[in-house]
Amino acid sequence: MQQLESLTREARSLANGELRGDVVPGTAEAEVARQLQICNACRYCEGFCAVFPAMTRRLEFGQADIHYLANLCHNCGACLHACQYAPPHEFAVNVPQAMAKVRLRTYTDFAWPPALGRLYQRNGLTLSLAVAGALAFFMLLTLWLKDSLWRVPATADFYSIFPHNLLVALFAPVFLYAVLALALGVRRFWREVTPGSGAPGAAITEATHDVLRLKYLDGGHGEGCHNEDDGWTLWRRRFHHATFYGFLLCFAATSVATLYHYLLGWAAPYDLPSLPKLLGGLGGGSLLVGTAGLFHLNLRRHPQHGDAAQKPMDRGFIALLFFTSLTGLGLWGARGTAAMPTLLALHLGCVMALFLTLPYGKFAHGIFRSAALLKWSIEKRLPSNLKLGDD
């Protein structure tokens, strides 16, 4: 009890301005530092996820540590519902919410180029749908001017509507820019806190396993995380899996089709049971189910489980993925009909908007969280001088 009281006094002094030199009083990082001081004394939640054992390797929390731990948090809510110091207690410990606010700061601060980091703080849902709508309208207008907006195409080939080389010229630079921006952003994040001089194979394997299984969405006990109340649910994890693997399958379908086109000389369209068609169909269906489920859970999520200011960004990304899969599957069914040109324009507008917003939207959370999990896998293999849990 004396240890708890001592660390609580330290936490209050931290919140009152006595912080590590790189943590600014009154910021989201300062609030996380205050709460982690209390958590470091209590340590009741140590087995819930990787955040708490990583926390116990530190006695004080600088900005780099806070950014790292915030991205290690999966916002499952287990620690909030287990915490005896959660609101309305005077300590007001709400680790998931405090971490969520810091995560937004990391996306903003590490964005490349830095000037575009402010896009994370815009109204994500409105911006995403507006970009998709504007791009789709531009393509629809092009078809209307060509008098092919609602006309049965001469062939069932998408490239008879928009030439292949034109689509490559439009989409390839945007996609490559998104990849470059995300890579440079996570590189800056990685360099801020790098435990050890390298990443051993065992650490990479473990981190990959944890990422692919979404290990820390099980609540620390395998029964799932919390959403709108105290009840555990695995649906958040399941819908995340459906979305994640649906996206990967769709990306694999596009990659295989690219190899078919350039290496084998097999031009689209491809019919069943071709690999691009199978991967795209399975991925699109999975993505549709996953995003619809995540949107439903997001609407019902308890307000203390996250940062309400980020909900537009969350929903904007979900909406873009949903409409990308919906228009893609609709385009599959409308192939060779008068609706094909219109649906193709709508689909391409959604895909282009998705690419444009990838580096400055919710997609970044998966990249930063994967990097944080790799950091933890490396760090846990290094010796600790604190040994707070070994008394």
Computed from the beta carbon distance with a Förster radius of 22 Å, FRET efficiency for Gln304 and Trp235 to the nearest 0.05 stands at 0.70
Inter-part distance where the range 329-390 and the range 63-106 are each reduced to a Cα centre, Å:
23
Between Leu272 and Leu59, what length in nm is gained on full extension when 0.36 nm per residue of separation is reduced by their alpha carbon distance?
70.8 nm
Nearest 10 degrees, 0 to 90: helix 164-192 Cα axis against the chain principal axis:
10
Taking a ≥ b ≥ c as the square roots of the Cα gyration tensor eigenvalues, with a/c under 1.5 meaning rounded and otherwise prolate when a/b beats b/c, else oblate, which class fits the range 289-329?
oblate
Give me the angle, in degrees from 0 to 90, between the Cα long axis of helix 2-15 and the longest principal axis of the Cα atoms of the chain, rounded to the nearest 10.
60
With a ≥ b ≥ c the root eigenvalues of the C-alpha gyration tensor of the chain, is it rounded (a/c under 1.5), prolate (a/b larger than b/c) or oblate?
prolate
Applying 1/(1 + (r/R0)^6) with R0 = 41 Å to the Cβ-Cβ distance of His89 and Phe295, what FRET efficiency is obtained, to the nearest 0.05?
0.80
Average accessible area per residue (Å²) across the chain - probe 1.4 Å, nucleic acids and ligands excluded
47
Taking Cα pairs closer than 8 Å and at least 6 residues apart, the relative contact order of the range 241-340 in percent is 31
Taking Cα pairs under 8 Å and at least six residues apart, what relative contact order does the chain come out at, in percent?
26
Pop out the carbon and sulfur fraction of the accessible area of the range 144-288 as a percent, whole number, probe 1.4 Å.
69
If you only keep lysine pairs separated by 8 or more in sequence, or across chains, how many in the chain come under 26 Å at the Cα atoms?
13
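The values are calculated or read from the model by the stated rules, or taken from the named source; none is laboratory data. Keep in mind the model is a prediction, meaning the values are calculated, not measured. Ideal geometry is used to build each Cβ from the backbone, glycine not excepted, and the neighbour counts take in all protein chains shown. All accessible areas refer to the heavy atoms of the entire protein, side chains included, with ligands and DNA or RNA removed. Shrake-Rupley method; radii C 1.70, N 1.55, O 1.52, S 1.80 Å.
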